[in-house]
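Below: the structure, in structure tokens.
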2 protein chains.
Amino acid sequence: MIKGVTVTPLKQIHDARGAVFHMVRTDAPHFAGFGEMYFSVVNPGVTKGWKRHSEMVMSLCAVQGRVKLVLMDEAAGVTQEVIFGAAEADYKLVTVPAGIWTAFSCISSEPAMLANCASILHRPDEAENVDLEKPPLSYAW
Amino acid sequence: MIKGVTVTPLKQIHDARGAVFHMVRTDAPHFAGFGEMYFSVVNPGVTKGWKRHSEMVMSLCAVQGRVKLVLMDEAAGVTQEVIFGAAEADYKLVTVPAGIWTAFSCISSEPAMLANCASILHRPDEAENVDLEKPPLSYAW
């Protein structure tokens, strides 16, 4: 496990009309601030990555489909995988501290949609990218 | 138009891998604070409402499906409808100030999912509900 990464089960409340899906509250122990909310859609079989933020803490859940998120703490040489999705049993919040490499792939037959409640506004100068084929630590998808 | 309600087109950036959907940033003029992020799923043909918050400002967009949102300023006797959805041309942020009655119905063949970036933590004591069949102002769906 990577230091500072947390995985928290999230609640869904279903009824005949639909559902309510919780995501994040300011009184949660893992709440890291709010800068921006956005969504990333990833098509079936596609992987997006690698990215590392120097300041942003990401709070991620999937509101459609299912994803495999791979996290790498390059300095510590530790890799961690988290699988989560929009199905009730799979619905989790993953908090990723700054300084961790991430990539995620859609492992459902429908596109996956990741919600990111980001701790700061997105700024290109606080994010690094490397090619998917050049993981910071060795990794086989 | 109801005083304080804003409708802002939102950006989607599509590529072969998927897309990025913007929602809300702290530097937006309509940003009203952050208390909680949650989602409401509404099944096709279903309407949820009526609800009025006394403190919460809601910032709403649809990340799946399409909805009709009906807003009522009871004191001013003004009703407003906003149609929005997850399709690029339909993708908008609707900011609803405190004190406005709302109800929303799914008008797509798939369930709609509304994202709410709420300005405060949800508290039952700051929300009023009335039966869907008893709109605060007369209204025909």
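Tell me the net charge near B:Leu69. Cut-off is 13 Å between Cβ atoms, B:Leu69 excluded, with +1 for each Lys or Arg and -1 for each Asp or Glu.
Numbers: positive: B:Lys48, B:Lys51, B:Arg66, B:Lys68, B:Lys92; negative: B:Glu81, B:Asp90.
My count for the surroundings of B:Leu69 gives +3.
Among the residues of the range B:14-31, those with an accessible-area drop of 10 Å² or more from chain alone to full protein complex, heavy atoms and 1.4 Å probe, are B:Ala16, B:Arg17, B:Gly18, B:Ala19, B:Val20, B:Phe21, B:His22, B:Met23, B:Val24, B:Arg25, B:Thr26, B:Asp27.
The alpha-carbon of B:Lys51 sits under 16 angstrom from the alpha-carbons of these aspartates and glutamates, leaving out residues fewer than 8 places away in its chain: B:Asp73, B:Glu74, B:Glu81, B:Asp125, B:Glu126, B:Glu128, B:Asp131, B:Glu133. Both chains summed, the buried accessible area for B and A stands near 2700 Å², from protein heavy atoms and a 1.4 Å probe. Seen from every direction in turn and averaged, the convex hull around the alpha carbons of chain B projects onto 8.7 nm². Legend: residue pairs A:Lys48/B:Lys11; A:Lys3/A:Lys68; A:Lys3/B:Lys11, Cα-Cα distance threshold 27 Å; pairs beyond threshold, A:Lys3/B:Lys11.
Can you work out the base-10 log of I(q)/I(0) for the range A:5-71 at q = 0.19 1/Å, using the Debye formula on its C-alpha atoms alone? One equal scatterer on each Cα of the range A:5-71 leads to -1.02. Largest GNM mean-square fluctuation across A:Ile120, A:Ile13, A:Ile107, computed for chain A with C-alpha springs under 10 Å, falls on A:Ile13. Nearest beta carbon of chain A to the A-to-B rotation axis, with distance in whole angstrom: A:Phe34, 2. When chain B is treated as a Gaussian network with alpha carbon springs shorter than 10 Å, the biggest mean-square fluctuation among B:Asp27, B:Asp125, B:Asp90 belongs to B:Asp27.
Could you work out what % of the accessible surface of the protein assembly as shown is carbon and sulfur, using a 1.4 angstrom probe and leaving DNA, RNA and ligands out of the count? Please list the in-between numbers first.
Numbers: 6650 of 12260 Å².
After summing per-atom areas, the C and S share lands at 54 percent.
The mean count of C-beta atoms from other chains within 10 Å of the C-beta of residues in A:43-50, rounded to a whole number, is 2.
To the nearest 10, the accessible area of B:Phe31 is 60 Å² with a 1.4 Å probe. Coupling constants for the range A:17-30 follow from the phi torsions by the Karplus curve (6.51 cos²θ - 1.76 cosθ + 1.60, θ = phi - 60°), and in residue order they are 7, x, 6, 10, 10, 6, 10, 8, 10, 5, 8, 6, x, 8 Hz; glycine and proline get x.
The residues of chain A expose on average 43 square angstrom of accessible surface per residue, using a 1.4 Å probe on protein heavy atoms. Taking the label point 7 Å along Cα→Cβ, B:Thr26 and its counterparts in the other copies are spaced 1.1 nm apart, in ascending order. With contacts taken as Cα pairs under 8 Å and at least 6 residues apart, the range A:59-141 reaches a relative contact order of 39 percent.
The values are calculated or read from the model by the stated rules, or taken from the named source; none is laboratory data. Remember, predicted model here, so these are calculated numbers, not experimental data. Methodologically, a virtual Cβ is constructed for each residue, glycine included, from the backbone with ideal geometry; neighbour enumeration extends over all protein chains shown. Quick note on the areas: whole protein, heavy atoms, side chains included, nothing else; ligands and nucleic acids left out. Shrake-Rupley method; radii C 1.70, N 1.55, O 1.52, S 1.80 Å.
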